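Here the structure is laid out as structure tokens; the discussion comes afterwards.
Quick note: the coordinates plus some simple rules give every number you see, no bench work behind them. These numbers were taken from a predicted model, which means no experiment stands behind them. Note that we place each Cβ from the backbone using ideal geometry, even for glycine, and neighbour counts take in every protein chain shown.
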Amino acid sequence: MKKIYLDHAATTPVDKRVLREMQPYFSEKFGNASSLHLFGLEAGEAMEKSREQVAKAINARPEEIIFTSGGTESDNIALQGVAYTNRRKGKHIITTKIEHHAVENTCKFLEKSGFEVSYLDVDKEGFIDLAKLEKKMEDETILVSVMHANNEIGTIEPVKEIGELCRERGIYFHTDAVQSVGKEKIDVQRMNVDLLSASGHKFYGPKGIGFLYVKQGTKICPLMHGGNHEKGLRSGTENVAGIVGMAKALEIAEGERVEEAARERKLAKKLVNGALKMRNSWLNGPAIGKKRLSNNVNLGFDFVEGESMVLMLSDKGIAASTGSACSTKSLEPSHVLRAIGLPHVKCHGSLRFTLGRSTTKKDIDFVLKELPVIVKKLRDISPLRKVLDIGRFEEKGRARA
Ligand SMILES: Cc1ncc(COP(=O)(O)O)c(C=O)c1O
């Protein structure tokens with residue numbers, strides 16, 4: 001059975017060119033980057049070269065890049081680090097109702113520690129309203145955290161404009177760019193961001209490595225204390241192989257970004273057009289080609305459980321998802337789909353395909369052949385459909401009578 005991987009928002013395979021670059025740093029170049037001897041110097045040099053590569057890719061300075069273990073840690077350092085350091089200035093934070101759990105749950109934790117958090121609504125495509133954001137800003141506001149691109153429905157938020165509003169008021173602006181790095185142009189100067197989170201495994205780098213951009217002069221404190229690595233903001237012996245791999249992955253992604261995005265967008269369009277031929281189906285998030293990640297397709301189907309579709313697709317060799325990889329095992333409806341106004345029952349019928357470098361037209365054709373069969377099978381046995389159909393029948397009957 002051919003395996004078709006369409007869950008690139010959850011993770012991506014390590015690019016072979018990346019793996020090749022990393023390999024020496026597991027064995028012959030194994031030194032601790034903090035050691036003074038030749039082994040340490042070799043590792044340290046590779047790490048600093050990688051820092052320069054990452055900084056160049058996002059138009060930052062090398063000293064503004066802090067290596068972390070991934071997106072979750074970057075988000076935590078950004079939010080908690082800024083909150084605790086600036087608590088004397090104010091205790092108000094603004095975020096959105098569609099953030100990844102790494103931001104959402106950190107905000108909930110900060111609420112328990114005495115901070116006040118405002119969660120902005122989004123419209124039916126997932127966009128925040130700049131006027132509403134502005135209205136929420138007050139003297140006590142110290143931080144705004146709005147994701148660059150949403151991991152479930154692909155919405156790309158107006159970060160540049162958000163950053164401008166924050167700059168005018170001296171409020172720190174953090175963006176979770178875990179899903180957009182490598183897919184969208186990232187320029188921290190143009191985006192007006194003070195802090196930006198990224199994760200290597202989302203752009204064909206290894207897992208367990210990420211970075212946080214911290215604009216020079218940002219008042220922030222560490223969450224972990226130790227040997228003062230990474231300018232004291234993230235102690236712990238550096239993951240040199242991971243760092244080298246992530247920097248290489250970012251360099252490759254940036255070089256191939258425009259062409260690859262156009263290719264994936266075309267395939268995404270084909271998938272959506274084909275899938276929406278099914279009755280009682282819809283696309284969640286903005287239209288393909290609009291302010292949406294090029295590889296994201298989030299579909300909804302009435303009378304079907306997303307989890308059942310994922311399992312039946314998996315039996316055919318197709319890997320898809322119901323949404324965020326972190327919440328697939330919970331029966332709670334997606335907070336993102338709830339926030340865009342989908343009723344509870346419709347949230348459960350969602351299915352996310354996220355395309356990637358390996359995705360071909362043939363793969364999409366195969367999905368479009370198998371998906372309608374699966375949806376029909378599930379609808380035929382859906383108790384929900386029976387209840388709703390009976391309801392409709394009764395309504396018609398009453399109307400006739
Ligand atoms: C938007 C977003 N933020 C943060 C994370 C967490 O990143 P990591 O898995 O590197 O901890 C993810 C992972 O899916 C994500 O999609």
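Remarks
- Label-point separation in nm, L368 to E45, each point 7 Å along Cα→Cβ: 5.3 nm
- Structure note, pairs K207/K361; K185/K266; K3/K291; K160/K290: Cα-Cα distances above 21 angstrom occur for K207/K361; K3/K291.
- Cα-Cα separations in region 280-321 greater than 13 Å, expressed as whole percent: 60 percent
- On a per residue basis, the convex hull of the C-alpha atoms belonging to region 1-122 measures out at 198 Å³.
- The calculated 222 nm mean residue ellipticity attributable to helices in the chain amounts to -13500 deg cm²/dmol, summing -39500 (n - 2.57) over DSSP H runs of n ≥ 4 and dividing by all residues.
- Sequence ranges 275-281, 187-193, 203-209, ranked by mean other-Cβ count within 10 angstrom, highest first: 203-209, 187-193, 275-281
- For region 16-253: Kirkwood Rh in Å [reciprocal of mean 1/r, alpha carbons]: 18.0 Å
- Volume per residue of the convex hull around the Cα atoms, evaluated for region 260-382, comes out as 104 Å³.
- Cα extents for region 64-149 along the principal axes, largest to smallest and rounded to whole angstrom: 34, 29, 26.
- Between region 1-66 and region 357-376, the Cα center-to-center distance that results, in Å: 34 Å
- For the chain, radius of gyration divided by Kirkwood radius, i.e. Rg to Rh on alpha-carbons: 1.01
- Reducing region 250-306 and region 125-141 to their Cα centroids gives an inter-centroid distance of 28 Å.
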